[in-house]
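The values are calculated or read from the model by the stated rules, or taken from the named source; none is laboratory data. Just so it is clear, the structure is predicted and the values come from calculations on it, not from any experiment. Cβ atoms come from the backbone with ideal geometry, glycine included; neighbour counts cover every protein chain shown.
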Amino acid sequence: MTSDPSRPAVIPNKIIGLAALTHGAYAGVDLQPIWAGLVARARTNPYDAGALMDIGCLLQLTGRKEPGLESQHHALELCRVYERSGAPGGLKILAIVMPGDFMANTPLDFLLEGSDATLYHLYMGTGEALADVPDHDVAFVAIGQSDASQSILRSVEPMVARWPRPVLNRNIQAIKAMGRDQVAASFAGSSTVRAPESLRVTRSDLERLAAGEPPVSTELANLSYPLIVRPVGSHAGESLERIASAAALTDYLETFEAAEAYVAAFVDYSSPDGLYRKYRVALIDGVPFISHLAISSHWMVHYLNAGMGEDEVKRAEEAEAMRTFDSGFAVRHSAAFAEIHAKIPLDYFAIDCAEGPDGRLLLFEADVAMIVHSMDDPEVFPYKAPQMTKLFSAFHALLARNVKR
């Protein structure tokens, strides 16, 4: 640590950061001048790692994921520590992260919105020696669960066990066990949480199932149509389909390119009015905070495709859900949230969930890397800013409490 006066101070590369750049993109700000400035910096100084990192972020924001990750890679060849500056006297937070896209790590840049905190990102790789890091008040393991992260998390685990500052989300085993199939299995038989059985299977298993042959997995053979199928590692509904029959599965496999998939039985969680409602909830030290409620006529609900911005009635319902969350949804499912926190013992993570037809909390997914933000147009969504300020303040308070400990 650079608190040792005999060692020189670490000078991280300063970046604009994901939150500021994403806010600009959401608000329709012309990002071309920012892009031109970053490119000019990189051309003038090819060793300007901060410019390369922000260029990589902008490329991903504009749909050019692979070039964005390539720019990130070049930046990390030069430097592994980056700083999003805060105000003097604010908390100094070190995020232990891994290379990857926006779903690879906890979006701390968003969660710290409105605070005076300085955020450092320390990028870790498999088996890499720990780089010198800037002094900080608290560290946070921000690496999400994925196949790519498993070896990095193994490298990080002994490191955080002897970290000389408070560390949040230090339970590495809990992060590693957040795969869809593992989370579902941990709630089998729960009286308060329904997590539909999710199986991780090979393409060969799916081909045998589609052909009417006995699959290798007995559990897969016991599932009945309709099925939900998605490639392992996919997010935001990418290649996610509801499969109604063996013939439909055969058709799906014609364009399915992954080696493995998650398969689960479809649960019809539509409300009496025929609409589907999916909540995103952040658990901060075990306390639930609503991030959004997406309402859609389609079973595959994502906030961006639910038409919330175009439907005043939906927005009114979301506003009411936020206003009454602490006295309504959170109370009805208090036992479920307690059980979820007990089985996923982390300081911070988020879930996507719904109210199931049997009254239990229907749990779709739990992850430390879900995007929780306050980027929606305040004129269209005036009720969101107060709720997100409440959530962000609770997260900042969590950090502050741990510093004091």
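Of the strands (runs of 3 or more DSSP E) lying entirely inside segment 49-164, those containing at least 2 residues that are farther than 19 Å from residue 21 by Cβ and under 16 Å from the mean Cα position of the chain (by Cα) are 138-141. Does residue 47 satisfy the criteria of being at pLDDT 95 or above and among the hydroxyl-bearing types (Ser, Thr, Tyr)? Answer is no for this residue.
Restricting attention to segment 236-256, report how many residues are surrounded by fewer than 17 Cβ atoms within 10 Å (Cβ to Cβ), in a loop (DSSP other than H, G, I, E, B) and either out of contact with any strand residue (DSSP E or B) (no Cβ under 9 Å at 6 or more places or on another chain) or in contact (Cβ under 8 Å) with a residue 24 or more places away in the chain (or both).
Residues in segment 236-256 being surrounded by fewer than 17 Cβ atoms within 10 Å (Cβ to Cβ), in a loop (DSSP other than H, G, I, E, B) and either out of contact with any strand residue (DSSP E or B) (no Cβ under 9 Å at 6 or more places or on another chain) or in contact (Cβ under 8 Å) with a residue 24 or more places away in the chain (or both): 6 in total.
Residue by residue, here is whether (1) in contact with a helix residue (DSSP H, G or I) (Cβ under 6 Å, 6 or more places away or on another chain); (2) among the polar types (S, T, N, Q); (3) within 24 Å of residue 177 (Cα to Cα) holds:
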{"residue": "284", "(1), (2), (3)": "yes, no, yes"}
{"residue": "288", "(1), (2), (3)": "yes, no, yes"}
{"residue": "297", "(1), (2), (3)": "no, yes, no"}
{"residue": "307", "(1), (2), (3)": "no, no, no"}
{"residue": "323", "(1), (2), (3)": "no, no, no"}
{"residue": "328", "(1), (2), (3)": "no, no, no"}
{"residue": "334", "(1), (2), (3)": "no, yes, yes"}
{"residue": "343", "(1), (2), (3)": "yes, no, yes"}
{"residue": "352", "(1), (2), (3)": "no, no, yes"}
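State whether one or more residues within segment 310-317 are on the phi < 0 side of the Ramachandran plot, in a helix (DSSP H, G or I) and touching a residue at least 40 places away in the same chain (Cβ under 8 Å).
yes
Take the conditions (1) modelled with pLDDT of 95 or more; (2) in contact with a His (Cβ under 8 Å, 6 or more places away or on another chain); residue 303 misses just one of them, which is (1).
Just to be sure before I move on: is residue 181 surrounded by fewer than 16 Cβ atoms within 10 Å (Cβ to Cβ) and in a helix (DSSP H, G or I) in the structure I sent? Walk me through how you get there before you give the answer.
Values: surrounded by fewer than 16 Cβ atoms within 10 Å (Cβ to Cβ): no; in a helix (DSSP H, G or I): yes.
So residue 181 does not fit the description; no.
Quick check on my filter: what residues within segment 20-45 are of a type in the set (S, T, N, Q) and closer than 12 Å to residue 61 by Cα? Don't jump to the end; show me each part of the working.
So in segment 20-45, the residues of a type in the set (S, T, N, Q) come out as 22, 32, 44-45.
Correct list: 22 only.
Of everything in segment 24-48, what is assigned to a helix (DSSP H, G or I) and aromatic (Phe, Trp, Tyr)? Give them in sequence order.
In the first step, residues of segment 24-48 are kept if they are assigned to a helix (DSSP H, G or I); the result is 24-26, 32-44.
Those that are assigned to a helix (DSSP H, G or I) and aromatic (Phe, Trp, Tyr): 26, 35.
Within segment 326-347, take every residue that is in contact (Cβ under 8 Å) with a residue 24 or more places away in the chain and within 20 Å of residue 293 (Cβ to Cβ) and give me the one that is surrounded by the fewest Cβ atoms within 10 Å (Cβ to Cβ). Walk me through it before giving the result.
Kept after step one, since they are in contact (Cβ under 8 Å) with a residue 24 or more places away in the chain, are these residues of segment 326-347: 329-330, 333, 335-341, 343-347.
Adding the requirement that they be within 20 Å of residue 293 (Cβ to Cβ) leaves 329-330, 333, 336-337, 340.
Working: 329: 21, 330: 17, 333: 22, 336: 23, 337: 22, 340: 27.
Across segment 326-347, the extreme among qualifying residues is 330.
Exactly one residue out of 371, 295, 340, 351 is of a type in the set (Val, Ile, Thr), under 21 Å from residue 109 (Cα atoms) and not in a loop (DSSP other than H, G, I, E, B): that is 351. Are any of the residues in segment 363-379 assigned by TED's automatic domain parsing to the domain that holds residue 329, more than 17 Å from residue 182 (Cβ to Cβ), at pLDDT 95 or above and crowded, with 20+ Cβ neighbours inside 10 Å? Within segment 363-379, none of the residues are assigned by TED's automatic domain parsing to the domain that holds residue 329, more than 17 Å from residue 182 (Cβ to Cβ), at pLDDT 95 or above and crowded, with 20+ Cβ neighbours inside 10 Å. Of all residues in segment 268-278, at least one satisfies being aromatic (Phe, Trp, Tyr), in contact (Cβ under 8 Å) with a residue 12 or more places away in the chain and in contact with a Ser or Thr (Cβ under 6 Å, 6 or more places away or on another chain).
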